[in-house]
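Enquirer: I'd like to ask you about the structure that follows.
Please treat every number below as a calculation from the coordinates, not as lab data. Just so you know, these numbers come straight off a predicted model, no measurement behind them. When we count neighbours, we look across all protein chains shown, and the Cβ atoms used for this are built from the backbone with ideal geometry, even at glycine.
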Amino acid sequence: MFEALTGRLRETFRTLRGRGKLSENHIQEAVREIRMALLSADVHIEVVRQFTAQVAERARGEECLNSFSPAEQFSKIVYEELTTVLGGEAQAFSWAGKPPVVFLGLGLQGSGKTTSLAKLALAAHREKRRPLLVPLDLARPAAIEQLNSLGRQLSLDVYPTPSTGKPAQIAKDAVDHAAKFGFDTVFLDTAGRLAIDDDLMTELKQIADAVKPQHRFLVIDAMAGQTGLSTAKRFDEATDITGVVLSKADGDARGGVALSIRHQLGKPICFIGTGEKPADLEAFYPDRMASRILDMGDLASLVERAQGLVSEDEAREAAKGLSSGQFSLNEFRKQLRMMKKLGSMESMLKMVPGAGRMMDKVNVNDIEKDLRVKESIIDSMTEAERQNPKLLNGSRRKRIALGCGRQVSDVNRLIKEFETMQVAFKRMRGGKMQALKQLFGR
């Protein structure tokens, strides 16, 4: 998401950096480029109009024109205004509330509602809560089975919804069940339809009236564009939504709905889905998203992702292995597996400052394929070979290549890369290795 917008903004800032001082014409040209970039990203016209007017007004002021580095100051203005459009200063989401805390999940069929609710339940579980998933789409048995399947996959409890009955009464019974059996967080997966109709809105109102949910989250597909805004308004009128979950943000969406939703609805984006894996759900921070859009990275979210997905024992073991200088192929394989836990390579690179320029030149899929090849090669080695790579003579390398279906040259390349890393880690022994421990907050 936002790749095209990021590229056009980056080019605009690059042009400005080539000028020692900004004139009125330079500002007008830059603002015009930003306006076109936002419209191409399917941002609502009113949002574009207000955003560019505010940027232009501030850019013409003393803070920019008289700055020693006007281009950088202009970038700072755009960043601050983007943060405002996305929601301004955000606070970490709080799971607190009188149990059971009830989440009402809303959204059209295909928006990613059911998967997003399961991801939210998993996030609640990681916060030491006891979640209960409740399927309520009685008209679509496949939707009930989907939630049951996700529950089994993630080891989460799912309420045994009957095949007949009134969704509002079933929701109330499920909340009573949660209170009785110690579930402190309930996620209600309501009916989804291909389009909004009056019957659906009536059903959702009845459920909301029956259980009085603390959170009413609307799940919107990041690829929905302007149609997502009209959908959001209908759901908001019916249930007074409290927040938005933006799903499928890892796709080719232009991202306009994310930049428009707060302005048009006055409701915050609370979470964002960044991939297909269960853990690919992040709390939404406007300043961090603005930073990503401007290719300034988001290291804070990367650190939080690492802390949430890598256990303390794993982090301690990794730090111990690296700082000891005994960096074996076993340690190398552990690092590869930890990287896979953190999500797709593309989603991680987007959090690294300046990575957008690099992603234009490399194929991220090739990088992920290369990591899988490396792991398969190491898996084909014996324990003794992983501990002592010096044992890897020509015949052993040939056997390993046959075992994993690769060429001997692939094995040779892995060994050479490993030896280079081994030398680098030996040089990093001591104080510099503290960076690893700081990354995981241990």
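Enquirer: All other residues with a Cβ under 13 Å from the Cβ of T115 taken together, and with Lys, Arg as +1 and Asp, Glu as -1, what is their net charge?
Expert: Around T115, the surrounding residues sum to -1.
Enquirer: Separate question: Express in whole angstrom the spacing between the alpha-carbon centres of the stretch 116-133 and the stretch 218-297.
Expert: So the two Cα centres are separated by 20 Å.
Enquirer: If you don't mind, another one. Can you put K248, K128 in order, fewest other beta carbons within 10 Å first?
Expert: So the residues, fewest neighbours to most, are K128, K248.
Enquirer: Evaluated at 4 °C with a viscosity of 1.567 mPa s, what Stokes-Einstein diffusion coefficient in µm²/s does the stretch 113-233 have when Rh comes from the Kirkwood expression over alpha-carbon pairs?
Expert: The Stokes-Einstein estimate is 87 µm²/s.
Enquirer: According to the square roots a ≥ b ≥ c of the eigenvalues of the Cα gyration tensor, what is the shape class of the stretch 3-86, taking rounded for a/c under 1.5, prolate for a/b larger than b/c otherwise, and oblate for the remainder?
Expert: prolate
Enquirer: How much length would be gained if the chain were fully extended between E29 and D379, taking 0.36 nm per residue of separation minus their Cα-Cα distance, in nm to one decimal?
Expert: Between E29 and D379, full extension yields 120.4 nm more.
Enquirer: Continuing with this model, one more query. Mind putting a number on the dipole of the stretch 101-296 about its Cα centre? Charges go on the C-beta only, +1 for Lys and Arg and -1 for Asp and Glu, and I need it in Debye to the nearest 20.
Expert: Value, rounded to 20: 340 debye.
Enquirer: Within 10 Å, count the other beta carbons around each residue, average over each peptide in 204-210, 150-156, 112-118, 391-397, and list them highest first.
Expert: So the order, starting with the most tightly packed, is 112-118, 204-210, 150-156, 391-397.
Enquirer: Sequence-distant or interchain residues sharing an amide H contact under 5 Å with R130, placed H: which?
Expert: Long-range HN contacts for R130: D184, T185.
Enquirer: Please arrange V101, V423 by counting, for each residue, the other beta carbons lying within 10 Å of its beta carbon, fewest first.
Expert: The order, fewest Cβ neighbours first, is V423, V101.
Enquirer: In a shell of Cβ-Cβ distance under 12 Å around N393, excluding N393 itself, what net charge do Lys and Arg (+1) and Asp and Glu (-1) give?
Expert: Its environment carries a net charge of +4.
Enquirer: A follow-up question, please. I need the P(r) histogram for the stretch 58-168: all alpha carbon pairs, bin width 10 Å from 0 out to the longest distance, whole percents.
Expert: Calculated P(r), rounded to whole percents: 11, 30, 21, 13, 14, 9, 2.
Enquirer: Where does each of Y79, Y285, Y159 land when they are ranked from fewest to most other beta-carbon atoms within 10 angstrom?
Expert: Least to most surrounded, the residues fall as Y79, Y285, Y159.
Enquirer: Kindly flag which residue pairs out of K334/K374; K233/K267; K277/K369; K98/K119; K128/K205 have an alpha-carbon separation exceeding 19 Å in this structure.
Expert: K98/K119; K128/K205
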